[in-house]
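What follows is a single structure, written as structure tokens, with notes after it.
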Amino acid sequence: MANQSNLCVSADVHSARELISLADKVGPSIVVLKTHYDLISGWDYNPQTGTGAYLAGLARKHGFLIFEDRKYCDIGSTVQAQYVGGTARVVEWAHITNANISAGKPMVGAMAEAAAKWREMINYEVRTSVTVGTPVDEDFENEDEEMADEADEKVEGNGESARKASTASELKDVNMMAPPPLRRDQDGRKGSIVSITTVTQSFEPADSPRLSKSLSEADDVVYPGIEEAPLERGLLLLAQMSSKGNLMDAHYTNVCIEAAREHKDFVMGYVAQSNLNSEPEDNFIHMTPGCKLPPVGEEENGGSLEGDGMGQQYNTPAKLIGLCGTDIVIVGRGIIKAGDPKSEAERYRVKAWKAYQDRLRK
């Protein structure tokens, strides 16, 4: 991690302008930005220049990943369509998403399949060529030549009969009423009101990953040490929740663990309250919400803090990382409601990273 961070900011704001501004402010201090696109008024769905594309540009600039907190939960065919299609096309701009697998483990396999197909297609660029041509019929060509020959004929002078003069006059009148001869263009094609447009599309291998270019050239700067954003997509399983009275019991959590092990190439970890890695080969990442620091100058009091009165329970980074074994802490209102979100994000980053280093030393 180039910026030595294990902080995820939950960008629970309500307008696209706020979202973009917040992402740019806290970007240097975070490793993941968590979004709820359906909370955002004014979300631009254009895949090339819209809000998702702009976020992808900021992610590249600052070196963080985008986590769309969609909590997919439905039958396989539905979650596939929701993930790679629809208006938001989440797979195109969010590196990570998550799922509540109450609908059953098969939905995880369905999402993995959809991500793999998308990943395969993104290796190719679509090249489109357009050609415009006018058909030239052979009979039409001969007819044009005959008309030219007739125009070259001259009516003989004084010895001609009145009948020939009359005929010549009639032909002249007819020719004046007829449309002008069709013009031949410089490239040899006959001018015509009929034209054929041919559109040809081909898929060619792309030499490098596609990166969003929605930022201006002045802003499209990658900080030193930051690599290209990955094209692979990852899934977090919602295994445990921090809200009081939630229904995710031990059986549900165990099913999440089974699903993760069955799809290691797609499932990257869990949203959980404790570390669920129990087998030697388990290396899943854990992300935990409900993280909060007391005001500057106050003691952390054992790691637990007062909730928000609506079910959310809070713990400090030291407790979540050092005791519960999480890897990345998720912070929302503690940062976005601060007077200076940029400096507050840095305060959380320092605390969380120190707790992570302390755990590794044990």
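Derivation of every value follows stated rules applied to the coordinates shown; laboratory data play no part. Because the structure is predicted, anything quoted here is derived from the model rather than measured. When we count neighbours, we look across all protein chains shown, and the Cβ atoms used for this are built from the backbone with ideal geometry, even at glycine.
Okay, here's what the table says:
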read-out: Charge sum, other residues only, whose C-beta stays under 9 Å from GLY322's C-beta, Lys/Arg counted +1 and Asp/Glu -1; value: +2
read-out: GLU262 paired with ARG89, simple spin-label distance in nm, labels 7 Å along Cα-to-beta-carbon; value: 3.1 nm
read-out: Residue order, fewest to most beta carbons within 10 Å, for LEU65, LEU58, LEU19; value: LEU65, LEU58, LEU19
read-out: R0 of 35 Å, Cβ-Cβ distance LEU231-SER21: FRET efficiency to nearest 0.05; value: 0.85
read-out: Length released on extending from LYS342 to CYS324, taking residue separation times 0.36 nm less the Cα-Cα span; value: 3.8 nm
read-out: Whole-angstrom gap from the stretch 284-302 to the stretch 305-362, using each part's C-alpha centre; value: 3 Å
read-out: Debye, to nearest 20: dipole size of the stretch 226-362, +1 on Lys, Arg Cβ, -1 on Asp, Glu Cβ; value: 400 debye
read-out: Fewest-first sequence of MET310, MET268 by Cβ atoms within 10 Å of each Cβ; value: MET310, MET268
read-out: ASN254-GLN4 FRET efficiency (beta carbon distance; Förster radius 41 Å; 0.05 resolution); value: 0.75
read-out: Calculated from backbone phi, Karplus (6.51, -1.76, 1.60) coupling profile of the stretch 345-362 in Hz, x at Gly/Pro; value: 4, 5, 4, 5, 4, 4, 5, 5, 5, 4, 4, 5, 5, 4, 5, 5, 6, 6
